[in-house]
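The values are calculated or read from the model by the stated rules, or taken from the named source; none is laboratory data. All values derive from a computational prediction rather than experimental measurement. Using ideal geometry, Cβ is built from the backbone for each residue, glycine included, and neighbour counts are taken over all protein chains shown. Protein only, heavy atoms only, side chains kept; ligands, DNA and RNA dropped before computing areas. Shrake-Rupley method; radii C 1.70, N 1.55, O 1.52, S 1.80 Å.
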Amino acid sequence: MEGHVLALCGGVGGAKFAAGLAAVLPPEQLTIVVNTGDDFEHIGLSISPDIDTVLYALSGLSDAVRGWGVADESWRCMEMLERLGEPQWFMLGDRDLAMHLARTHRLRAGETLSGVTSDLALRLGIAAAIAPMSDDRVRTEVDTEQCALPFQRYFVAEQCKPVARAIRYVGAEVARPSPAFSAALTRRDLAAVMICPSNPYLSIDPILAVPGVRAQLERVRAPRVAVSPIIAGKALKGPAAKLMGELGVEPDVVSVARHYRELIDVLIIDESDAARAGDVEAVGVKAVTAPAIMRTAADRAALAREALAAARQSKGVAV
Ligand code: FO1
């Protein structure tokens with residue numbers, strides 16, 4: 001692949017695919033833009049879960065079972081916090097806490113989230129560019145039958161159980177794309193845009209809600225490829241299928257194609273959805289079938305290669 005690849009990412013599945021891209025592309029050819037709608041302040045710490053999940057996945061630190069947080073974690077601080085009456089619903093491991101402490105004091109000192117993120121990535125040995133979607137505050141809220149829930153309350157405290165009626169990205173309307181995001185979108189050597197297999201509503205739509213992003217993506221001439229987060233009607237992890245049902249959308253690859261219709265040229269679907277390829281193409285999106293379940297690093301790299309090959313073939317661009 002010649003030229004630059006821009007990946008939009010959020011959540012655990014997205015980070016796995018981003019790690020696959022980082023494994024197969026030269027680092028100077030990859031910019032990963034990460035959802036910050038899940039960010040929140042908790043016991044005085046500025047927490048950016050999707051950024052950390054990408055940092056840990058690309059630096060090999062992430063806990064393979066949880067998909068978030070750090071491997072070989074200990075929870076001594078949480079034990080003491082419990083004794084001191086602090087909330088226990090959001091688990092902060094001892095090594096993960098270092099990331100939140102490092103980010104929080106630097107943001108308090110006036111650094112931007114972009115600046116802190118790129119420095120933390122560098123210190124973790126990550127050479128690809130990792131950037132928040134915006135340096136402005138955007139917060140995802142889920143409207144449920146009872147009330148509006150801040151994202152982490154919905155996702156962790158309530159375990160996505162409440163029925164969702166609508167999703168809001170508070171602050172998005174006045175947010176600006178981060179400098180690295182704007183730069184990547186307008187690069188002359190942009191060779192492909194990748195939408196990672198993240199939850200479309202919770203992880204990708206906040207990025208698309210930042211003013212100007214959707215319009216710029218519609219204008220991108222380089223091939224734009226999304227990897228379906230739904231496989232055979234289910235999400236591998238997280239509430240995507242449940243959420244789609246609650247929002248009145250069939251949880252299948254055709255709905256994903258429809259959701260991204262103006263923004264993508266190709267949708268990568270798992271082999272178990274091969275029979276739906278025609279229905280996806282009827283939406284106006286090319287369907288490419290590939291093994292989309294990522295259990296190992298080899299799976300992640302293989303899926304990344306499939307997506308890059310699909311990008312090359314989709315517009316016959318010498319990328
Ligand atoms: N998810 C949980 O289900 N329970 C947790 O206690 C939890 C803690 C946590 C700490 C740091 C971090 O970066 C992520 C954490 N997550 C936890 C996952 C997080 O809520 C999700 O990964 C994203 O916000 C949604 O993709």
Once you sort the root eigenvalues of the Cα gyration tensor of region 83-195 as a ≥ b ≥ c, which label holds: rounded (a/c under 1.5), prolate (a/b larger than b/c) or oblate (the other case)?
oblate
Give me the percent of accessible area attributable to carbon and sulfur for region 1-125, probe 1.4 angstrom.
56 percent
Checking every Cys Cβ in the chain against the others at 4.7 Å leaves as unpaired C77, C147, C160
Considering only DSSP beta bridges where both residues belong to the chain, give the percentage that are antiparallel (nearest 5).
40 percent
What are the extents of the Cα atoms of region 1-153 along their three principal axes, in Å, largest first?
54, 37, 34
For L190, other-chain or 5+-apart residues with amide H closer than 5 Å (H placed, Pro excluded) are H4
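Quick check on packing: order 195-206, 52-63 by the mean number of other C-beta atoms within 10 Å, highest mean leading.
Packing order, densest peptide first, comes out as 195-206, 52-63.
Would you work out if the chain is rounded, prolate or oblate? Take a ≥ b ≥ c from the square roots of the eigenvalues of the alpha-carbon gyration tensor; rounded if a/c is under 1.5, else prolate when a/b is larger than b/c, oblate otherwise.
Here the chain falls in the prolate category.
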What's the magnitude of the charge dipole for the chain around its Cα centre, counting Lys and Arg as +1 and Asp and Glu as -1 at the beta-carbon? Answer in Debye, nearest 20.
560 debye
How big is the Cα convex hull of region 278-317 in projection, averaged over all directions, in nm²?
3.1 nm²
What does the C-alpha gyration tensor say about the overall shape of region 140-294? Classify as rounded when a/c is under 1.5, otherwise prolate if a/b is larger than b/c, or oblate.
oblate
Between the alpha-carbon centers of region 76-138 and region 195-233, tell me the distance in whole angstrom.
25 Å
If you average over every viewing direction, what projected area does the convex hull of the Cα atoms of region 145-215 give, in nm²?
6.0 nm²
Once amide H atoms are built 1.01 Å from N in the peptide plane, which residues 5 or more positions from A148, or in another chain, come under 5 Å H to H?
none
Sorted peptide list for 178-189, 102-113, 252-263, criterion being average Cβ within 10 angstrom, highest first:
252-263, 178-189, 102-113
Over 27 Å between Cα atoms, which of K234/K315; K16/K234; K237/K315; K16/K286 qualify?
K234/K315; K237/K315
Label point distance in nm, E218-H42, each placed 7 Å from Cα along Cα→Cβ
3.7 nm
Just order 218-229, 147-158 by mean Cβ neighbour count inside 10 Å, highest at the front, would you?
218-229, 147-158
Within region 119-201: Cβ-based charge dipole about Cα centre, in debye rounded to nearest 20 (Lys, Arg +1; Asp, Glu -1):
100 debye
Could you tell me which of G278, G245, L263 has its Cα farthest along the dipole of region 243-312 towards the positive end, charges placed at Cβ (Lys, Arg +1; Asp, Glu -1), taken about the Cα centre?
L263
Before rounding to the nearest 500, sum -39500 (n - 2.57) across all DSSP H runs of length at least 4 in the chain and divide by the residue total; then give [θ] at 222 nm in deg cm²/dmol.
-10500 deg cm²/dmol
Can you give me the angle between helix 113-123 and the longest principal axis of the chain, using Cα atoms only, in degrees from 0 to 90, rounded to the nearest 10?
90 degrees
Any chance you could check the Cα centroid distance between region 6-70 and region 249-311 for me, in angstrom?
21 Å
Check L45: other-chain or 5+ apart residues with amide H under 5 Å from its amide H, H built from backbone geometry?
none
